[in-house]
Structures are given as C-alpha cells and as structure tokens.
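To start, the structure under review is shown below, and the notes come after it.
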Ligand code: ATP
C-alpha cells in the first residue's frame, strides 16, 4: 500500500508585485517517507513554490499565494514559517545562509532554538547531526564562514535537522558545489530518508543527481508543471531529456 501524502499543493499560484505570476496553477504531492524533486531551468518557479510552502511568501510586501497547501492533512496555506517549523516542516534556503561569524556548532544550536530543548536533548540532537555529518564534528569549533561551500551546505541541512523535521524543503542543494561534494550531500539525504524516513522536497537544476536520488519528480517550466512521474520513468523519457532536463 502507498504511504499517505505528507504534503499536497492544490492549484497554487504565487504573485509578486501584484503582476508577476511566478507560479501558475501548480499541483503536486509528496508521500510520507519519500524524496521528491522539482526540476527545471533558472527562473522556472521552483524556489517560489518552496517559499509558498514554507510560509515565506510575504503578504506585507504585496506577495500573494492562492490555492491550497496541506501538510499532514491540515491547511497551512497562510501559516507562519515559525509555526511550520514547530510542526516539523523546515526549509533550507538557496545559498545556505549560515551565520558566518558563529562556529559550526553554534550554527547547529540555532536550529534547535524554537524547540527550547534541555541540555541533554540538545546534546543528543547534536550527536545525531554528527552521525550523519562526521565532517561537521571535525569542524565544530571552526567559524562557519571559513568552511567550504559544501560544508556550509551541510551546516545548513544539519541546522534544519536540529528542529526534528518530518519534511525538509531543500532549495538547490547542489548549487555551486563540486561534483564529489554534491554526491556526498545527496548520499546523506538518502541515508536520512532511509534510516529515519525524513521526507524531502528539493528543487534542483542538476537533473542527473536529482533523478538518481529522488523517487518522484516534477518538471517545472514557466511556473507550471510540464511533466511528472517516478524518476525511473522520467530518466528514460527521451522527449524530456534535452527539452527540460538539459541532459
Ligand atoms: P532559480 O533556480 O534561479 O532560483 P527558480 O525555478 O527557483 O529559479 P524562482 O526563483 O521561483 O525560479 O523565480 C520564478 C519567477 O519569479 C522568475 O521569473 C523570477 O524572476 C520571479 N521572482 C522570483 N522572486 C521574485 C521576487 N521576490 N519579486 C519579483 N519576482 C520574483
């Protein structure tokens, strides 16, 4: 039997500056315990879709979300980002956004802030992160700003995991990273998914690696879903290769 959906988007539209329709009628779903990829070119609307889910579309500056977003069966369309984090839905933003002057470990601590954990819980949470990212254990006392791009991506994912998420939104995890580092990061995503059943919705321009690790994929073009399917099917569809996937 298939797992239930942890996330469902029904006909989502996102409007910037009252006129720019960055996302047009996107419907998609993520099954509990799966890895789902949003693929597509620069500017297709992938980041905006993730922003809408994470509660980061800001009404106060005229940004609008229409349609309905359900997380664990609850309507979260206009929920605040901080409330979503408490419910286990966290986003790792494109570009990583570590605190450069804090150490790696202090950055990780900051991810647990909303949970107000006791010292024992905090240490257990850190141990868990170091289990998945042994590299971060070695770097724990280093200033995050002086670590490599790949290591900062690990810090950003590790910090998100400190909130104990059920669903992680990952925006372009491979951006600007060397191929070996991309593999290492996707391996860790895979391991977290296998060992702890954490669900992932990730946006990627690197279709090769995303198709290899995700179970299901959506190809976004010009704010719409141009194609969708199991990644093993998408990867062998000749019509999609050069048209949308740049392969
Ligand atoms: P990328 O990989 O470059 O992030 P993307 O597929 O994630 O691309 P989005 O960043 O979601 O695409 O952009 C979708 C469209 O919305 C683009 O035309 C972009 O220029 C526009 N856009 C994105 N953010 C804003 C904003 N804050 N204000 C106005 N327009 C925006």
Inset, instruction - Compute the long axis of helix 179-196 from its Cα atoms, compare it with the longest principal axis of the Cα atoms of the chain, and write down the angle in degrees, 0 to 90, nearest 10. - result: 90
Inset, instruction - Work the Kirkwood hydrodynamic radius out for region 1-68: mean of 1/r over every pair of different alpha-carbon atoms, inverted, in Å. - result: 12.8
Inset, instruction - Compute the Rg to Rh ratio over region 125-247 from the alpha carbon atoms, using the Kirkwood formula for Rh, and round to two decimal places. - result: 1.00
Legend entry - Gap separating the Cα centres of region 1-52 and region 141-162, nearest whole Å: 26
Inset, instruction - Provide the gained length on full extension for the span residue 183 to residue 130, in nm with one decimal, where the gain is 0.36 nm per separating residue minus the Cα-Cα distance. - result: 17.3 nm
Legend entry - Taking only Cα atoms of region 99-163, radius of gyration then Dmax in Å: 10.6, 31
Inset, instruction - State the dimensionless ratio Rg/Rh of region 198-247 (Rg: radius of gyration of Cα atoms; Rh: Kirkwood radius). - result: 0.92
Legend entry - the chain - convex hull of alpha carbons, volume per residue in Å³: 128
Legend entry - Gyration tensor (Cα) of region 29-147, equivalent ellipsoid semi-axes in angstrom: 29, 18, 15
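Throughout, read-outs are computed from the coordinates displayed, never taken from laboratory work. Quick caveat, the model's predicted, so the values are computed rather than measured.
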